[in-house]
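One structure follows; several queries about it will come next.
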Amino acid sequence: MKVEELTAKVLNDNPNMDRYQLAIAVATRCDQLENGATSKLNIDPNSIKSVDLALMEIAEGLVVVKGFVDIEK
């Protein structure tokens, strides 16, 4: 799947999250992967960029993004 499709999937599945929050979540997971965390997908981490792998894990629901709630206006 393309990055745009994965991003759209995550944002559709999580209506309380915006693109900025998704970027923070992907960056956090990417840092974890680059610092030795094991991937939750059956993909060789050396064959794909860590940022793409992080987005794929979030899109598949393997990594839960916590802390995003609606702000009442």
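Looking at (1) of a type in the set (S, T, N, Q); (2) modelled with pLDDT under 90; (3) within 13 Å of the chain's Cα centre (by Cα), which is the one condition that is false for N46?
It fails just one condition, (3).
Give me the pairs: first residue in segment 5-20 and closer than 11 Å to I58 by Cβ, second residue in a helix (DSSP H, G or I) and not aliphatic (A, V, I, L, M), beta-carbon distance under 8 Å, and six or more apart or on different chains, which are they?
Short answer, once both residue conditions are applied: T7/R19; L11/R19.
The values are calculated or read from the model by the stated rules, or taken from the named source; none is laboratory data. Only a predicted model underlies this, so the values are computations on that prediction, with no experimental measurement involved. No Cβ is skipped: glycine too gets one built from the backbone with ideal geometry, and neighbour counts run over all protein chains shown.
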